[in-house]
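A short worksheet on the structure shown next.
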Amino acid sequence: MIHIGLVLLRAYSIAGEWLCEFRVGMKARVGHVKQRISLSCGIPLWEQRLVLGGRILRDACTLEECHVHQVIGGYVDGFAVVSIQCVRGGQSQLSRDLGELAGLRKPDIAVDASLSAVADAVMRAEHELSERAKPADPLALLDATPYRVEFIHWMMQAFDILRFDPSILHGTVLTLDRFFSRQAAPVDPGKLNDCLLACVSIEMKLAGADEFPPEHCKRLLAHLSHHRAELPTIMSTEYEILSCIDFGVGIPTTLTFFRELALRPQSDDEGLRTTIHDLGLFFLDLCMFEPRVQYGCPHGMLAAGALAAAVHVLDGDSSRKAGCAEVLEHLFENVAAYGISTVQTIGAAVFGCEEIILELWCARALGESQCPWSECYRVTAARHERQVFARGGILLDAATASSTRQRFRRARSGCQPEP
């Protein structure tokens, strides 16, 4: 028997996780539905955004007025099934986490807590700046400098030996790519080393004199060039590059967004968080080798995709599954703070970036396609694997890549709410 005027409403998170379900009348208002969800899941009313068929539902409207009958996904015991997304609005999870530190009487923690009021605004501003500054034509970079892969590979190894923070590598690559993308013709091969050293010099200066005192910078540049490059030539090239990019420096990189999204001031499982962070850095390094991946989507979304991919590497372990699900849920909420996509498309966009990253990993690990940087991949994977295995017991081999892709595909096909 079909029940007229009643529906079985199923609420899902933005990540596709089932939250609750209950029967409700078609004459019930959206505000009443939010109350039911709040009672079932504990999500405050003012933080809920209910999305149906790509539309945000207004509190004053009834379910009938929202045309829920157009999105019925089958019947259970005679009740029409309607699936909606419940998106947490208001502050991002990161902002809320920072705010919770306010009650702790420690000066350094109090400073972090004070950032909760501006965290989301800063994240949005960083996203907008990143989108304005990134190279417009990623594929043109391959023609602009055929030595780009070798440069990146060399920097990864040299900076690792010198114990540079990864931000120096990511900033140098972004500045180089912005410069190369604005050239009308390929840069003279004889000048490429000077361009590379000039970009490293820019990033060291941005890091500050405390970390890189001027004399130390000079010694590092001489060491990196094997004492073959003259400092005045590097400084002259630095000015040329800065002029070309309109003196726009300090642009947020994928690592900037990655560290924001991975930040959890209070974490119940520090080991899981650290392993996810290490895996995410590995995926970001892979992306740098491929301009179409590195600049094919917003950097904030690519960072989210790297974190989501790291989660799927680990969620095959049943002991980590609950922690991984929590990380993924918080990730989606924090990505919303960037204003990158409308609320109903954030999940699809993050999973889309994750899929690109996992396919790139599998292609290199399994040798599924020809690649000019296959040897670079082997060295990069081995370098990251030492740390990932030591902390999380994970091997970055072909078997892990293949099983992760399979789990992702199963989750992707099974986590979507019914249409």
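Here are the numbers:
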item: Checking GLY296 against (1) assigned to a helix (DSSP H, G or I); (2) open to solvent by 30 Å² or more (accessible area, probe 1.4 Å); (3) not hydroxyl-bearing (Ser, Thr, Tyr), the condition it does not meet; result: (1)
item: Answer residue from the range 406-419, given it is surrounded by fewer than 20 Cβ atoms within 10 Å (Cβ to Cβ) and assigned to a helix (DSSP H, G or I) and is modelled with the lowest pLDDT among those; result: GLY414
item: Whichever residue in the range 4-50 is more than 24 Å from GLU329 (Cβ to Cβ) and open to solvent by 60 Å² or more (accessible area, probe 1.4 Å) and, among such residues, is modelled with the lowest pLDDT; result: ILE4
item: Long-range neighbours under 7 Å by Cβ, at least six apart or interchain, first residue free of Cβ contacts under 8 Å to residues at least 12 places away in the same chain within the range 157-181, second assigned to a helix (DSSP H, G or I); result: PHE159/ILE168; PHE159/LEU169
item: Sole residue being in contact with a Pro (Cβ under 6 Å, 6 or more places away or on another chain) and either under 25 Å from SER130 (Cα atoms) or of a type in the set (Asp, Glu) (or both), chosen from ASP210, ASP246, ASP269, ASP177; result: ASP177
item: Hits in the range 51-74 - residues which are open to solvent by 40 Å² or more (accessible area, probe 1.4 Å) and either aliphatic (A, V, I, L, M) or within 20 Å of GLU333 (Cα to Cα) (or both); result: GLY53, ARG55, ILE56, ALA60, ILE72
item: Residue pairs meeting the criteria (Cβ under 6 Å; at least 6 apart or on separate chains; first closer than 16 Å to GLN183 by Cβ and in a helix (DSSP H, G or I), in the range 126-147; second open to solvent by 20 Å² or more (accessible area, probe 1.4 Å) and at pLDDT below 85); result: ALA144/PRO186
item: Enumerated helices (runs of 4 or more DSSP H) restricted to the range 306-403, each holding at least 3 residues that are of a type outside the set (Gly, Ala, Ser) and free of Cβ contacts under 8 Å to residues at least 12 places away in the same chain; result: 374-392
item: Matching helices (runs of 4 or more DSSP H) fully within the range 181-262 where at least 3 residues are touching a Gly at 6+ places or on another chain (Cβ under 7 Å); result: 254-262
item: Answer residue from the range 226-276, given it is at pLDDT 95 or above and among the small types (Gly, Ala, Ser) and is farthest from VAL293 (Cα to Cα) among those; result: SER236
item: Selection status of LEU174, at pLDDT 95 or above and closer than 22 Å to GLU238 by Cα; result: yes
item: Flag for GLU240 being charged (D, E, K, R) and surrounded by fewer than 17 Cβ atoms within 10 Å (Cβ to Cβ); result: yes
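The values are calculated or read from the model by the stated rules, or taken from the named source; none is laboratory data. Treat the numbers as computed from the prediction; the structure is a model and nothing was measured. Virtual Cβ from ideal backbone geometry, glycine too; neighbours counted across all protein chains shown. Each accessible area value is taken on the protein alone, full model and side chains, heavy atoms only, with ligands, DNA and RNA left out. Shrake-Rupley method; radii C 1.70, N 1.55, O 1.52, S 1.80 Å.
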